[in-house]
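Report on the following structure.
The values are calculated or read from the model by the stated rules, or taken from the named source; none is laboratory data. Quick caveat, the model's predicted, so the values are computed rather than measured. A quick note on method: Cβ atoms are made from the backbone with ideal geometry, for glycine too, and the neighbour counts reach across all protein chains shown. Ligands, DNA and RNA are stripped out before the accessible areas are found, and what is left, the full protein with its side chains, is counted by its heavy atoms. Shrake-Rupley method; radii C 1.70, N 1.55, O 1.52, S 1.80 Å.
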Amino acid sequence: MPTDHVLSWNKVLDEVRKNLTPKHFNTWFVPIKPLQQEGHVLTLEVPNEFFLSHLETHFLQVLKDGVKGAIGPRSKIEYRIAMDDYKKPGIDRTKALKNEKEFQDANHIGIANPFVIPGIRKQNWEANLNPHYIFENFVEGHCNRVARQAGLQITSKPGELFNPLLVYGNVGLGKTHLLNAIGNALMKKYPKMHVLYLTSDKYTNMFIQAIRNNSTSDFGHYFQQVDVLIIDDIQYFSGKAGTQEIFFHLFNQMHQNRKQIIMGSDRAPKDLKEIDDRLISRFKWGASLELLTPDYETMMAILEEKLEEKEVELTQQVKELLCHNLKDNIREIEGVIVNIKLQSSLNGKSVSLELVKDILQSFSNRGENVVSIDAITRIVSEQTSIPVNSMLGKGRQRNIVQARQLAMYYSKKMTKKPLASIGSAFGGRDHSTVIYSCEAVENLMDTDKLFEELARKIERVIIKTLGIK
């Protein structure tokens, strides 16, 4: 015979069910357990603080209305956090303990089981880190120095410095390497620390599976164990309201408990689209650090380390060609080196400039197509120390304007692109701006000796790097 508090709760559920979708009802109300009722006060057991926070944020009014409709207008709700004793309603504890291994096997998704209830069985923790991505083989340069140093400092005081740390930059510049390096260093220094690396897609898939299995409470339990959470590619949270909501509460909980949060993105927080402003605001609480395109010296250092690792020897000219044509994506270096080594050994060819050009062309649509506006702009950027973004922007400082004009001048001189296309490539400018820029460069070369030397040097580098005959 059901007791009073169970009967009351069943009446509440009948009221609540009328106002919610089946998914929301099953996810956020079925796991709640009625414990007792004293007069008009109904005590409910919820799985964890994470669950309670989400319930009160989104469903408090629905719950209050349901309780008042079932018990009376003077009714009140009290909560109790189940924590490690949590079990689903109607399941005997002893039976739950016996069935835990079946539960674990059924829900395994490729990393440490996120749905094993803490306290039932001590599990081996899997950080999901790549052991090859460490600080020792992360080449430091001007493009990544600040982010790398921030990562090193976090390993000394996790949760206290730069929390959260958000590292952003274009694809292939080393974000994943750095995030894993921080995680590996923390694991080495603090062996008992629970570090977890996930992509945003993996996190979303885990949450979806938890909803499908009616195990969102266990999802929350799992992340309560995490001391350092590393989420890569957070830009893919875009448009996923449910994932954002659940991550928002996890973020708050971890931050309040001084647990470290580290994130990777392909863009700055202010440029993230379709992500809740509350999350964007929290991403800015710590440090947001950009990984830039590596300069020539850093790229050469990275290349030489990879060549040594792969036991490949290249001439200086070939190295320079690779540095100038792969610098926008460091990740491609290893693939190109493997292809060079393979082509050379299988075909019995020496590693010539022509062979490398062929490989570049087949590997990433470069090779013979390297004489492009983009390639020329990158070289001018290196030689003038003006970032490409500044050259394409609206800056009117003299050094920026001259770098932009030089890039337009050599784009006109060395590519077959029409003036309109060149202007469009530089922030949507028109053909008259290109004509003016070319005339300005020629005038300065006639009147300014230092400018002429810089222009001639840039021309030599373009010819040498892009193999122009």
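Some observations on this one:
- Annotation note: of Ile182, Ile134, Ile154, the sole residue that is within 22 Å of Glu332 (Cβ to Cβ), surrounded by 15 or more Cβ atoms within 10 Å (Cβ to Cβ), modelled with pLDDT of 90 or more and under 18 Å from the mean Cα position of the chain (by Cα) is Ile134.
- Which listed residue, of Ser411, Ser432, Ser437, is under 38 Å from the mean Cα position of the chain (by Cα) and either closer than 30 Å to Thr315 by Cα or of a type in the set (Gly, Ala, Ser) (or both): Ser411
- Complete set of residues in the stretch 38-80 that are open to solvent by less than 60 Å² (accessible area, probe 1.4 Å) and within 18 Å of Ile246 (Cβ to Cβ): Val46, Pro47, Asn48, Phe50, Phe51, Leu52, Ser53, His54, Leu55, Phe59, Leu60
- Counting the residues of the stretch 303-359 that are open to solvent by 60 Å² or more (accessible area, probe 1.4 Å) and over 26 Å from the mean Cα position of the chain (by Cα) gives 20.
- Single residue of the stretch 223-244 satisfying the filter (open to solvent by less than 20 Å² (accessible area, probe 1.4 Å), under 20 Å from Asn48 (Cβ atoms) and not aliphatic (A, V, I, L, M)) that is farthest from the chain's Cα centre (by Cα): Phe223
- Within the stretch 259-281, being modelled with pLDDT of 90 or more, more than 10 Å from Tyr168 (Cβ to Cβ) and open to solvent by less than 40 Å² (accessible area, probe 1.4 Å) holds for Gln260, Ile261, Ile262, Leu279, Ile280.
- Within the stretch 378-403, the set of residues being in a loop (DSSP other than H, G, I, E, B) and open to solvent by 30 Å² or more (accessible area, probe 1.4 Å) comprises Ser385, Pro387, Lys394, Arg396, Gln397.
- Residues that are open to solvent by 90 Å² or more (accessible area, probe 1.4 Å) and either in contact (Cβ under 8 Å) with a residue 12 or more places away in the chain or not in a helix (DSSP H, G or I) (or both) within the stretch 416-441 comprise Lys416, Lys417, His431, listed in sequence order.
- Criterion (in contact with a Pro (Cβ under 7 Å, 6 or more places away or on another chain) and touching a residue at least 40 places away in the same chain (Cβ under 8 Å)) met by exactly one of Tyr203, Tyr222, Tyr197: Tyr222
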